[in-house]
Amino acid sequence: MKKGVRIVNCARGELIDPEALCKGVTSGKIAGAALDVFQVEPPAAGDALLALEPVLATPHIGGSTEEAQEIVGVRIVEQVIEYLKNGVALNAVNVPAMTAEQYRAVGPYIALAGHLGTFASWAAAGNPKTVRMVYRGKIADQNTVLVRNAGIAGVLSRSMSHRANVVNALQYAADRGLAFAERHEPKGGDLIDTIRLELETDLGVSTVEGAVVMDHPRLLQVDGIRCEARLEGHLLFLKTDDVPGVIGYVGGVLGKHNINIANFSFGRQDAGVVTSGPAQSISMLETDSPVPEPVLKELLENKAVKLARVVEFG
């Protein structure tokens with residue numbers, strides 16, 4: 001090379017022998033060098049090459065400057081605050097990219113889907129095989145990836161020792177052979193903005209539907225029977241024959257065991273539904289404390305009580 005050549009390396013540190021470059025600069029053969037990559041990264045303290053006046057050394061990544069690192073720190077703190085205050089995960093690498101406004105629009109439905117999945121996992125019998133979700137109303141026009149993941153995580157919550165969430169739900173579902181499907185119906189249903197979750201197990205299909213009411217998840221119906229209830233705390237879910245005396249019996253059993261009923265919701269099959277026996281009804285009882293297994297067994301001693309399940313929300 002001619003004398004006074006200048007060398008720029010911003011590709012790979014291994015392309016240049018640092019000792020040869022140091023000799024060339026020292027002898028004057030090389031007038032100067034600009035480097036942002038080195039054989040050993042980061043360069044060792046006291047590196048002879050970096051001590052030479054004609055050698056310009058910069059970080060390979062512009063973000064490694066002190067100013068850029070300070071800005072990154074500020075942005076991270078701002079994003080943590082946004083998540084803790086509003087549940088909005090901006091710029092996350094493992095969830096869909098959404099604006100703060102989009103997060104706020106779907107946030108209540110993420111919670112609703114998770115609660116519906118949890119309810120279905122406790123109320124259904126058998127091993128889960130498939131989760132199907134139907135979005136109706138304005139929520140059907142939104143990005144529902146996180147809503148779907150929350151529903152799947154809710155279904156998995158009962159059977160897992162560690163918690164599934166909107167990030168890892170699909171991986172856990174794949175590990176357990178749990179399939180899923182979605183359908184969007186922007187103009188469907190009698191009520192707008194609802195989510196229906198169908199859980200198919202090896203023993204049958206359970207269907208739950210809910211909506212967001214006053215910013216809280218509410219259950220609207222189970223297996224086609226309308227019954228509005230809060231999806232919070234300790235729930236006792238009952239399927240019974242629609243005959244006299246059942247509600248009184250249930251209240252008597254709980255009262256005998258000092259279990260206080262905070263809320264009670266009741267629903268019955270529509271009059272036009274044809275059944276082989278008595279019409280069916282469902283009850284949702286929110287209690288101040290969990291209902292223990294012996295009390296469930298006592299409830300089932302009444303032949304009109306067909307199913308008694310406890311549903312626990314974390």
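The values are calculated or read from the model by the stated rules, or taken from the named source; none is laboratory data. No experiment lies behind these values; they were computed from the predicted model shown. In this analysis, Cβ positions are derived from the backbone assuming ideal geometry, glycine residues included, and neighbour counts consider all displayed protein chains. Accessible surface areas use protein heavy atoms only, side chains included; no ligands, DNA or RNA. Shrake-Rupley method; radii C 1.70, N 1.55, O 1.52, S 1.80 Å.
Table for the structure above
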{"read-out": "Subset of the range 129-171 that is open to solvent by less than 60 Å² (accessible area, probe 1.4 Å), touching a residue at least 60 places away in the same chain (Cβ under 8 Å) and not in a loop (DSSP other than H, G, I, E, B) - its residue that is farthest from SER206 (Cα to Cα)", "value": "ARG136"}
{"read-out": "Qualifying positions in the range 1-32 - assigned to a strand (DSSP E or B) and open to solvent by less than 100 Å² (accessible area, probe 1.4 Å)", "value": "VAL5, ILE7, ASN9, ILE30, ALA31, GLY32"}
{"read-out": "Residue in the range 228-235 that is open to solvent by 20 Å² or more (accessible area, probe 1.4 Å), of a type in the set (Gly, Ala, Ser), at pLDDT below 95 and over 22 Å from the mean Cα position of the chain (by Cα) present", "value": "no"}
{"read-out": "Qualifying residue in the range 111-120 (condition: farther than 24 Å from LEU307 by Cα and open to solvent by 10 Å² or more (accessible area, probe 1.4 Å))", "value": "yes"}
{"read-out": "Residues that are hydroxyl-bearing (Ser, Thr, Tyr), within 23 Å of GLU312 (Cβ to Cβ), touching a helix residue (DSSP H, G or I) at 6+ places or on another chain (Cβ under 9 Å) and modelled with pLDDT of 90 or more, drawn from the range 157-209", "value": "TYR172, SER206, THR207"}
{"read-out": "Failed item in (1) loosely packed, with under 10 Cβ neighbours inside 10 Å; (2) part of a loop (DSSP other than H, G, I, E, B), with GLU67 passing the rest", "value": "(2)"}
{"read-out": "Condition met for LEU52 (surrounded by 16 or more Cβ atoms within 10 Å (Cβ to Cβ) and either touching a Cys at 6+ places or on another chain (Cβ under 8 Å) or basic (Lys, Arg) (or both))", "value": "yes"}
{"read-out": "Filter result for the condition that a residue is touching a Leu at 6+ places or on another chain (Cβ under 7 Å) and either open to solvent by 30 Å² or more (accessible area, probe 1.4 Å) or not polar (S, T, N, Q) (or both), over PRO244, PRO217", "value": "PRO217"}
{"read-out": "Selection count where residues are more than 16 Å from VAL8 (Cβ to Cβ) and either of a type in the set (Val, Ile, Thr) or out of contact with any helix residue (DSSP H, G or I) (no Cβ under 6 Å at 6 or more places or on another chain) (or both), scope the range 30-49", "value": "8"}
